[in-house]
Amino acid sequence: MILSDKRILEEIEKGTIIIEPFREDCLGTNSYDVHLGKYLATYTDRVLDAKAHNQITHFEIPKEGYVLHPGTLYLGVTLEYTETHAHIPFLEGKSSTGRLGIDIHATAGKGDVGFCNTWTLEISCTQPVKIYPGMPIGQLIYFMVEGDVQTMYNNKANAKYNNKTTKPVESMMWKNKF
């Protein structure tokens, strides 16, 4: 079951959902619009290795915008910091973003109960497109959880994306044992 706008507001009031900064005009019927933060990152090497710690280079998006190009994976970050203590958050692109040929995540649209951070975006595009810091980039949808949660994400010893950040975070696949 997806939370409605009224229910999202109730959960914010209870403290089970935190969105900072929160703007009521970003609350949709059953979602909350999030915005592109001011930082992007790209991988230093063209060939990535799933067993290696692949390095990234961060840069700030100029106020006059930045042109994304096909064939490059850009890591972005949401302006909003979120906490979700009783629901499953899903991040999806906005239709207006998709209609510009921008994908905001390759596979990582679902958060875990207990996720407390900004969202790193895996941005790609189908043709060159200019983006801007602060532009609407996606929407958070909250699902109900069935049953009790044994271990919240923010309490997991092996959680790889727990450090609070305002910049995009590279893949931590290399921390897995395989």
Residue tally, condition buried (at least 16 other Cβ atoms within 10 Å of the Cβ) and either touching a Cys at 6+ places or on another chain (Cβ under 9 Å) or under 27 Å from R46 (Cβ atoms) (or both), over segment 67-90: 12
Residues being farther than 19 Å from K175 by Cα, part of a loop (DSSP other than H, G, I, E, B) and of a type in the set (D, E, K, R) - total across segment 28-52: 1
Of all residues making up segment 99-109, the number that are surrounded by 13 or more Cβ atoms within 10 Å (Cβ to Cβ), farther than 11 Å from I123 by Cα and over 13 Å from the mean Cα position of the chain (by Cα): 1
Complete set of residues in segment 110-152 that are surrounded by 15 or more Cβ atoms within 10 Å (Cβ to Cβ) and farther than 21 Å from Y32 by Cα: S124, C125, V129, M152
Subset of segment 153-171 [surrounded by 15 or more Cβ atoms within 10 Å (Cβ to Cβ) and among the small types (G, A, S)]: A159, S171
Selection from segment 99-115 of residues that are among the small types (G, A, S) and either within 28 Å of V149 (Cα to Cα) or modelled with pLDDT under 95 (or both): A106, A108, G109, G111, G114
Some residue of segment 53-69 being under 16 Å from I104 (Cα atoms), part of a loop (DSSP other than H, G, I, E, B) and over 18 Å from the mean Cα position of the chain (by Cα): yes
Where a residue in segment 155-169 is in contact (Cβ under 8 Å) with a residue 24 or more places away in the chain and part of a loop (DSSP other than H, G, I, E, B) and its partner, wherever it lies, is surrounded by 11 or more Cβ atoms within 10 Å (Cβ to Cβ) and among the polar types (S, T, N, Q), with Cβ under 7 Å and at least six apart: Y161/N117; N162/N154; K164/N117; T165/N117; T165/T118; T166/T118; P168/T120; V169/T120
Pairs, first of a type in the set (K, R) in segment 18-45, second assigned to a loop (DSSP other than H, G, I, E, B), C-beta under 8 Å, six or more apart: K38/I61; K38/L79; K38/P133; K38/G134
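The values are calculated or read from the model by the stated rules, or taken from the named source; none is laboratory data. Just so it is clear, the structure is predicted and the values come from calculations on it, not from any experiment. Here Cβ is always computed from backbone atoms with ideal geometry, including for glycine, and neighbour counts include all displayed protein chains.
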